[in-house]
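Quick notes on the structure that follows.
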Amino acid sequence: MGDKFIAPIPHYPSLITMTKFTTLVSTEQLAQHLDDPNWIVFDCRFTLTDQEAGRRAYQHGHIPGARYAHLDEDLCSPITPTSGRHPLPDPQVLAEKLGRWGVDDTRQVVVYDDSFGSMAVRLWWLLRWLGHDAVALLDGGLPRWMRQKHPVSADLPQINPTRFIPRPQDAMWADAAEVEQARQDPDRLVIDARPEERFKGEREMLDKVAGHIPGSINWTFEENIDFDGTYLPAEELHETYLALLHDIPPQQVVHVCGSGVTACHNILAMEIAGLPSGKLYPGSWSEWITDPSRPIAVGASGE
C-alpha cells in the first residue's frame, strides 16, 4: 500500500509552541491527540523468543495511526562476532527510516508496546540519542489503552514522509572499555536490568554464558512498574534510585541488561525521577561475553 498525503490540520499548534513530552504520556493524553498530525505513534511490540509475534499482533490491531518498528530489523544493526544481540543502528540508516515514517523535529513521538515498555524504551532512547527529545513512552502501554476502551485499528497508517536530521549524542553511551573501568571505580555504578535469576547465573535462556559483570548490581526493570502496569510515581522512583546509588552521582551510572534494550527502562525511570540517567552500555551482557578475557561473576552482587 502506498503512502497517502495528509493535509495539516490548521487548529493544532506546532511542536515549537506546545509542551514537549520527554518521558511519559498518559493514555488520556494520547487519546486527545490521535488526530493531531504533530503527534506520531510507534508500536514496538516484540518478543525475543518469537521475532514475528509483534508484527503479527500489530497487523491484527494497533493504536490508530501507529507505525510498526521491528526491534531486529529497524532498531538495530547487523550482529557481528564481537557485538551483542542488538547493536546500535547506524544513525543515518535509522534517520532515513524515521523520515520515511514522517518524523522530524516538529513532531511529538509516542512509543508503546504490550510488555510494560520493555521494548518501546529502545526507540525512546534511540530518538534521544539522535537528538530528538520530544519522545515519550505511553504509560501502561497497549494493555491500559485497551482496558480503557480506546480505539484500535488494523488499518495501515497514512504517512507524509519528511526528512529527519540526526544529531547523535554519543556521550549517552559507554563501550566495554568504559564499563571495565566503571565496574572497578567506587565513584561509579553499573546497574543490570535483567531478571534476578539471569543476573545470578541460575538460569540463562538467551545468551551462551550465564552470570553478570563483576561489580554490577541488579535492579530488574519490572521494579519500576506499579500494579496497574504504569511507572511508579516520580517521588517513589527518586527515593528508590537514590537508595540504590548510595551517594554515587546519578550521572556516573552505566546501565546494562542482556542486549541494551531493557536497560533503557531503568534510564527512563531515572529521568522520570528527575535524576541524570547516566549512560547505556548498548552491547550489554551479550557483548561482554564475546571476549573471553572479560571477567564474569555469578551469584548475588558482591559474591
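Coordinate-derived values only; no laboratory data. Note that the structure is predicted; figures quoted are calculated from it, not measured. Counting neighbours? That spans all protein chains shown, and the Cβs are built from the backbone with ideal geometry, glycine included.
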Percentage of interatomic Cα-Cα distances in the range 127-167 larger than 13 Å: 70
DSSP beta bridges in the chain [antiparallel fraction, %, rounded to 5]: 15
In nm, spacing of pseudo-spin labels at residue 19 and residue 82 (7 Å Cα→C-beta vector): 4.7
Matching label, P(r) over Cα pairs in 10 Å bins from 0, in percent computed from the structure shown, candidates (1) 5, 19, 19, 16, 13, 13, 10, 5, 1, 0; (2) 6, 28, 35, 21, 7, 1, 0; (3) 5, 24, 30, 23, 12, 4, 1: (2)
Simple spin-label estimate for residue 149 and residue 73 in nanometres, 7 Å along Cα-Cβ: 3.5
Where labels lie 7 Å past Cα in the beta-carbon direction, separation of residue 223 and residue 49 in nm: 2.5
Against the rule of thumb 2.2 N^0.38 Å, how large the Cα Rg of the range 173-288 comes out: 1.00
Sites residue 156 and residue 296 - FRET efficiency at Förster radius 35 Å, r taken between beta-carbons, to 0.05: 0.20
Percent breakdown of C-alpha pair distances by 5 Å bin, ordered from the shortest bin, for the range 61-179: 2, 10, 18, 23, 20, 14, 8, 3, 1, 0
Prolate/oblate/rounded call for the range 105-174, Cα gyration tensor, a/c under 1.5 rounded: oblate
Euclidean distance between Cα centres, the range 16-55 to the range 105-180, Å: 7
Ordering of 112-124, 278-290, 195-207 by packing [mean C-beta count within 10 Å, highest first]: 112-124, 278-290, 195-207
